[in-house]
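The values are calculated or read from the model by the stated rules, or taken from the named source; none is laboratory data. Computed from a prediction, not measured in an experiment: that's the story for all the values here. Using ideal geometry, Cβ is built from the backbone for each residue, glycine included, and neighbour counts are taken over all protein chains shown. Calculation scope for accessible area: heavy atoms of the full protein, side chains included, ligands and nucleic acids excluded. Shrake-Rupley method; radii C 1.70, N 1.55, O 1.52, S 1.80 Å.
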Amino acid sequence: MLSAAEARRVAVRAQLLAGPRATDALDVVRHLTSLQLDPTAYVARSADLVLWGRLGSSYDPGDLRDLLETGQLVELRMHAVPAEDLRLHTAEMAAWPAAAGTEAEAEHLAGWVAANDGCRRDVLAALRADGPLPTADLPDTCVKPWRSTGWTGGRNLQRLLDLLVQRGEVAVAGREGRVPLWDLASRVYPDDEPVPLDEARAERGRRLLAARGIARPRDVGEAGVETRVDGVRGRWRVDGSHLAHLARPWDDEEGRVVLLSPLDHLVLDRRRTSELFAFEYVLEMYKPVAQRRHGYWALPVLAGDRLVGQVDVERVVDAGELHVRGVHPDGVWSSALRAAVDAQLEELAAWLGVAREDVAPGGR
């Protein structure tokens, strides 16, 4: 049984958000297992905020671009993945659609791709001849439309490309701005022998747990050891290597104040965040302006082993400013914590190369 405080400290340490800062971006991504490449840049791209939070202001966003351009990191389903780890995914690609969901969902996807096999062949032929290519330069000869009540409705070619990525036939070879450039996966992915499917899934679970510290079994399988968290229902899995660190005292020198991306893995699983940190976070960019309490892209504030509030900030590129529209504490902050958060806002502005400007709430 872990106390709530012990569970939080395992999670924070595992995410490289406590103790000495990491020093190498590639090593950070290898440890985290992946890095979400969400294009939203309201403050900075989420991936850059994640790395800044662990590396500090020595991190240069150009480092991530270089890692992707040189193939040390590979884009897979909107995540940067270490190239050597692709072999943990290729057996699943070969088994597609077995891992695509329920049996009915897998049958539906396989049937839709089969119905559009002519378009699939046209896309592969175009890439073979002229790739890498943007989506706009690929032939959309789908004969069966993709039907969805969501944002993929009618986007036949984009949905086909997504499924061809899952099948291991095409891959993102790079980007022009935000526009993906597609190519044959055989030209993008390392020619490594796939790890057998069951072994690959177990290894991915083990690595994910090492990066999260503590997780639900549904996310990591049988990795680590079973535990419970005092005051939280259900069973958890915890990485054994992190349990040894619990004997080490937690002090203020180990803990840091960090402004997190809303997509940072410490907070991305909102239910886990609520259970372990007693912190409720809602990404309000999808809410009408009048219903927002904390801001369009509010950054959660980590202070040591606690999530203590949010800051509403926006980088206004044309003005060369970081607008601070609001600081929203959960509970009462000490003067020392307020000063530490203020220092982080100053550091964020300096890292972005803009001037900090405190403004009235409003905007998006």
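Take the residues in the range 115-134 that are within 11 Å of V170 (Cβ to Cβ) and modelled with pLDDT of 95 or more, then tell me which one is most open to solvent (accessible area, probe 1.4 Å). Walk me through it before giving the result.
Looking only at the range 115-134, we keep the residues that are within 11 Å of V170 (Cβ to Cβ), and these are 120, 123-124, 126-128, 131-133.
Right, trim to modelled with pLDDT of 95 or more and you get 120, 123-124, 126-128, 132-133.
On the way: R120: 34, V123: 1, L124: 19, A126: 22, L127: 0, R128: 138, P132: 64, L133: 26 Å².
Among those residues, the one meeting the criterion is R128.
Could you grab me the full set of residues in the range 73-99 that are open to solvent by 30 Å² or more (accessible area, probe 1.4 Å) and of a type in the set (A, V, I, L, M)?
M78, A94, A95, A98, A99
Quick one: is T33 in contact with a Ser or Thr (Cβ under 7 Å, 6 or more places away or on another chain), open to solvent by 10 Å² or more (accessible area, probe 1.4 Å) and either without any contact (Cβ under 8 Å) to a residue 12 or more places away in the chain or under 23 Å from V165 (Cβ atoms) (or both)? Talk me through it step by step, then tell me what you get.
Details: in contact with a Ser or Thr (Cβ under 7 Å, 6 or more places away or on another chain): no; open to solvent by 10 Å² or more (accessible area, probe 1.4 Å): yes; either without any contact (Cβ under 8 Å) to a residue 12 or more places away in the chain or under 23 Å from V165 (Cβ atoms) (or both): yes.
Here the answer is no, as T33 does not meet what is asked.
In the range 167-189, is there at least one residue being open to solvent by 20 Å² or more (accessible area, probe 1.4 Å), farther than 21 Å from M78 by Cα and in a helix (DSSP H, G or I)?
no
This table checks each residue for (1) polar (S, T, N, Q); (2) in contact with a Lys or Arg (Cβ under 6 Å, 6 or more places away or on another chain); (3) in contact (Cβ under 8 Å) with a residue 12 or more places away in the chain; (4) surrounded by fewer than 16 Cβ atoms within 10 Å (Cβ to Cβ).
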position: G320; (1), (2), (3), (4): no, no, yes, yes
position: G331; (1), (2), (3), (4): no, no, yes, yes
position: S335; (1), (2), (3), (4): yes, no, no, yes
position: V341; (1), (2), (3), (4): no, no, yes, no
position: W351; (1), (2), (3), (4): no, no, yes, no
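Going by the structure shown, is V50 assigned to a loop (DSSP other than H, G, I, E, B), open to solvent by less than 20 Å² (accessible area, probe 1.4 Å) and not aromatic (F, W, Y)?
On the way: assigned to a loop (DSSP other than H, G, I, E, B): no; open to solvent by less than 20 Å² (accessible area, probe 1.4 Å): yes; not aromatic (F, W, Y): yes.
Criteria not met by V50.
Cβ-Cβ below 9 Å, separation at least six or inter-chain, first residue in the range 89-104 and within 12 Å of E169 (Cα to Cα) and in contact (Cβ under 8 Å) with a residue 12 or more places away in the chain, second part of a helix (DSSP H, G or I) and of a type in the set (S, T, N, Q): which pairs?
Pairs found: M93/Q166; W96/Q166.
Tell me, yes or no, whether the range 196-203 has at least one residue that is closer than 29 Å to R45 by Cβ, in contact with a Lys or Arg (Cβ under 9 Å, 6 or more places away or on another chain), in contact (Cβ under 8 Å) with a residue 24 or more places away in the chain and not small (G, A, S).
For the range 196-203, residues closer than 29 Å to R45 by Cβ, in contact with a Lys or Arg (Cβ under 9 Å, 6 or more places away or on another chain), in contact (Cβ under 8 Å) with a residue 24 or more places away in the chain and not small (G, A, S): absent.
Could we say that V327 is open to solvent by 40 Å² or more (accessible area, probe 1.4 Å), assigned to a strand (DSSP E or B) and hydrophobic (A, V, I, L, M, F, W, C) here? Talk me through it step by step, then tell me what you get.
Details: open to solvent by 40 Å² or more (accessible area, probe 1.4 Å): yes; assigned to a strand (DSSP E or B): yes; hydrophobic (A, V, I, L, M, F, W, C): yes.
Yes.
Scan the range 1-22 residue by residue and report those that are in contact with a Leu (Cβ under 7 Å, 6 or more places away or on another chain), open to solvent by 40 Å² or more (accessible area, probe 1.4 Å) and under 15 Å from L51 (Cα atoms).
Across the range 1-22, the qualifying residue is only R21.
Could you pull out every one of the helices (runs of 4 or more DSSP H) wholly within the range 54-155 that has 2 or more residues that are over 28 Å from E193 (Cα atoms) and within 29 Å of the chain's Cα centre (by Cα)? Walk me through how you get there before you give the answer.
Details: elements: 61-69, 90-94, 103-115, 117-130.
Passing ranges, in order: 61-69, 103-115.
Pick from G295, G231, G255, G304: which is at pLDDT below 90 and touching a helix residue (DSSP H, G or I) at 6+ places or on another chain (Cβ under 8 Å)? Outline the logic, then answer.
Details: G295 fails: at pLDDT below 90; G231 fails: at pLDDT below 90; G304 fails: at pLDDT below 90.
After ruling out the rest, the residue left standing is G255.
Restricting attention to the range 53-72, report how many residues are among the polar types (S, T, N, Q) and either touching a helix residue (DSSP H, G or I) at 6+ places or on another chain (Cβ under 8 Å) or open to solvent by less than 30 Å² (accessible area, probe 1.4 Å) (or both). Outline the logic, then answer.
Step one: list which residues in the range 53-72 are among the polar types (S, T, N, Q), which gives 57-58, 70, 72.
Checking the rest, the ones that are also either touching a helix residue (DSSP H, G or I) at 6+ places or on another chain (Cβ under 8 Å) or open to solvent by less than 30 Å² (accessible area, probe 1.4 Å) (or both) come to 57, 72.
Count: 2.
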